[in-house]
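The structure appears below as structure tokens.
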Amino acid sequence: MSPASSTTPCLMIVAGEASGDQIAARAVTCLRAVSPRTRVLAVGGPALAAAGAELVASMESLAVMGLKDVLLRLPVIWWTWHKLRRAIRREQPQLLVLVDAPGFNLRLARAVRAELPRLVYYISPKYWAWKAGRLESVARLTDRQALIFPFEEEDYRRVGGHPLFVGHPVLDLVDHAPEREAARAALGLTPGETVLGLFAGSRPGELRRHLPLLRDCASVLADQPLRLILQIPERIQARELVRTAGFPVNVRVVEGRFHEMLRAADLGLVASGTASLEAAVLGLPHLVYYKLDELAAWLAERIVKAPYASPVNLAAGRELVPELLNRRASGVLMADWVVRSLRQGGLAAAGDELARVTRENLGGPGASQRVAELLVEELRTAGVQP
């Protein structure tokens with residue numbers, strides 16, 4: 001590949017994990033509709049590749065959470081860093097788009113700030129939860145900030161940033177999700193079954209920490225009139241982790257098919273993150289759980305300031321879905337919530353109300369299109385015509 005010429009628009013996207021890959025891919029699809037000649041390079045995964053981006057490195061090396069995960073994967077992170085730096089020097093993109101993953105992306109922004117014409121940060125680091133200094137860092141190191149929560153816009157203006165609230169892209173991610181009846185039919189479920197969806201997360205470290213919790217929960221629920229389905233990523237490593245965890249025979253495992261599972265389930269146990277928002281906007285009553293490694297959990301207890309972990313609750317400013325985090329996360333407590341929810345009934349009505357309130361809180365669909373328009377504007381500012 002040859003470096004982009006002065007007349008060829010070229011941008012590079014760095015997405016660090018599965019949800020960022022999907023979110024960035026939707027923006028790239030919208031970008032290609034308005035600027036088909038723009039060349040898109042990326043650190044990403046299958047979604048960005050399917051959207052037409054040229055992958056210069058895989059996101060798999062960056063998909064870490066917790067200090068232990070980072071330490072275990074330092075060699076491959078280092079390798080990805082140098083491969084990416086070589087690609088930036090070789091291709092000379094006019095615009096760098098950083099998607100979430102602040103541990104990696106803020107270091108990258110510092111390293112290339114003087115080399116590239118324009119930098120955009122899409123999906124701000126959670127400065128309001130911990131590491132408040134990241135707010136000023138992002139404002140200083142990037143030219144524009146595309147934000148997914150409305151309250152972030154004023155915070156960035158206060159510290160000299162140039163923000164734009166684009167809305168939450170989760171509303172775009174789920175716009176092709178199947179209807180409930182179609183999803184259940186595709187998964188071979190009968191209309192009368194009550195289905196509990198178990199969603200363990202996408203990162204390898206999350207799977208290692210969460211699968212034992214879900215296994216214990218499934219064992220407690222063995223005598224309940226429930227169909228238990230575990231959803232995992234389509235990766236060989238995920239299958240091996242499930243096998244090692246030793247799930248009871250009452251648990252069916254489904255690879256991929258994430259939105260089908262969200263639609264088909266009657267209630268869910270969902271690892272905290274974008275998955276919780278997707279569950280909420282698709283009307284799935286769920287409990288949010290998460291377990292960090294021991295050192296990260298110890299630090300989080302002392303420095304995290306946000307009242308909630310789930311973005312559903314953060315967007316609402318109140319608890320719409322219950323949370324069990326770190327030391328409170330256990331299979332027994334998760335099973336207790338499931339049993340109470342079944343006894344209370346009204347799951348469909350609760351899901352409809354959860355979807356209505358969450359959609360109102362997220363500012364409506366169209367975030368991906370607004371981001372694409374921002375990227376076109378930034379390419380023009382960099383001196384090329386998209």
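A search for C-beta distances below 9 Å between a residue of segment 341-356 that is without any contact (Cβ under 8 Å) to a residue 40 or more places away in the chain and more than 21 Å from Ala315 (Cβ to Cβ) and any residue that is aliphatic (A, V, I, L, M) and in a helix (DSSP H, G or I), counting only pairs 6+ apart in sequence or on different chains, returns Gln344/Ala350.
Regarding segment 46-61, can at least one residue be identified that is at pLDDT below 70 and either over 30 Å from Ala271 (Cβ atoms) or in contact with a Lys or Arg (Cβ under 9 Å, 6 or more places away or on another chain) (or both)? Yes, segment 46-61 contains a residue that is at pLDDT below 70 and either over 30 Å from Ala271 (Cβ atoms) or in contact with a Lys or Arg (Cβ under 9 Å, 6 or more places away or on another chain) (or both). The set of residues in segment 326-340 that are without any contact (Cβ under 8 Å) to a residue 40 or more places away in the chain, out of contact with any helix residue (DSSP H, G or I) (no Cβ under 9 Å at 6 or more places or on another chain) and closer than 16 Å to Tyr289 by Cα contains only Arg328. Tally time: how many residues in segment 190-232 are out of contact with any Pro (no Cβ under 7 Å at 6 or more places or on another chain), assigned to a loop (DSSP other than H, G, I, E, B) and surrounded by 19 or more Cβ atoms within 10 Å (Cβ to Cβ)? Here the count works out to 4. So, Pro178, is that one farther than 25 Å from Ser310 by Cβ and assigned to a loop (DSSP other than H, G, I, E, B) or not? Against the criterion (farther than 25 Å from Ser310 by Cβ and assigned to a loop (DSSP other than H, G, I, E, B)), Pro178 does not qualify. Given the condition surrounded by 14 or more Cβ atoms within 10 Å (Cβ to Cβ), among the β-branched types (Val, Ile, Thr) and either outside the structural domain of Arg134 (by TED's automatic domain parsing) or in contact (Cβ under 8 Å) with a residue 60 or more places away in the chain (or both), answer yes or no: does some residue in segment 99-114 qualify? There is at least one residue in segment 99-114 that is surrounded by 14 or more Cβ atoms within 10 Å (Cβ to Cβ), among the β-branched types (Val, Ile, Thr) and either outside the structural domain of Arg134 (by TED's automatic domain parsing) or in contact (Cβ under 8 Å) with a residue 60 or more places away in the chain (or both).
Looking at segment 276-295, which of its residues are in a helix (DSSP H, G or I), more than 13 Å from Asn313 (Cβ to Cβ) and in contact with a Leu (Cβ under 8 Å, 6 or more places away or on another chain)? Steps first, please.
Of segment 276-295, the ones in a helix (DSSP H, G or I) are 276-281, 294-295.
Okay, now just the ones that are also more than 13 Å from Asn313 (Cβ to Cβ), so 278, 281, 294-295.
Within segment 276-295, Glu278, Val281, Leu295 meet the criteria.
In segment 234-255, of all residues being without any contact (Cβ under 8 Å) to a residue 24 or more places away in the chain and in a loop (DSSP other than H, G, I, E, B), the one that is nearest to Leu354 (Cα to Cα) corresponds to Glu234.
Can you confirm whether Ala309 is surrounded by 22 or more Cβ atoms within 10 Å (Cβ to Cβ), over 24 Å from Val195 (Cβ atoms) and modelled with pLDDT of 80 or more? Considered against the rule, which asks whether it is surrounded by 22 or more Cβ atoms within 10 Å (Cβ to Cβ), over 24 Å from Val195 (Cβ atoms) and modelled with pLDDT of 80 or more, Ala309 comes out as yes. For Arg140, the conditions (1) exposed (fewer than 14 other Cβ atoms within 10 Å of the Cβ); (2) assigned to a loop (DSSP other than H, G, I, E, B) are fulfilled apart from (2). Taken together, the residues in segment 111-137 that are touching a Ser or Thr at 6+ places or on another chain (Cβ under 6 Å) and assigned to a helix (DSSP H, G or I) amount to 0.
The values are calculated or read from the model by the stated rules, or taken from the named source; none is laboratory data. Nothing here was measured: the structure is a model prediction, and the numbers come from that model. Ideal geometry is used to build each Cβ from the backbone, glycine not excepted, and the neighbour counts take in all protein chains shown.
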